[in-house]
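Chemist: Sharing a structure below in structure tokens format, with a few things to ask.
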Amino acid sequence: MALMLIRVMEILTAQVARTMSPVVLKEELSDLKEILMIYDTQTAEIQISRRSSIQQRLWDLFDLGSVEKQLTGH
């Protein structure tokens, strides 16, 4: 299933942007991190790390913003 997902991502990327190998796709997306920001004992926030321009293009292409709440748990 994971290989099929990577292949679909590779095809989508090639259609709208530039061709990216599965290795590059995986590296770019795996560099995204979930960050837990603790402000005090009562307040914490989970965020996705800042994205490079390539990561932002992939984020938009795969519409990850629509599932960001599920990814960060809020």
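Chemist: Go through (1) surrounded by fewer than 11 Cβ atoms within 10 Å (Cβ to Cβ); (2) over 15 Å from the mean Cα position of the chain (by Cα); (3) touching a residue at least 12 places away in the same chain (Cβ under 8 Å) for residue 33 and report which single condition fails.
Modeler: (2)
Chemist: Could you grab me the full set of residues in segment 1-30 that are without any contact (Cβ under 8 Å) to a residue 24 or more places away in the chain, farther than 20 Å from residue 67 by Cα and β-branched (Val, Ile, Thr)?
Modeler: Answer for segment 1-30, where residues must be without any contact (Cβ under 8 Å) to a residue 24 or more places away in the chain, farther than 20 Å from residue 67 by Cα and β-branched (Val, Ile, Thr): 11, 19, 23, 24.
Quick note: the coordinates plus some simple rules give every number you see, no bench work behind them. In this text the structure is predicted, and so the values were computed from the model without any measurement. Cβ: placed from backbone, ideal geometry, glycine included. Neighbour counts: every protein chain shown.
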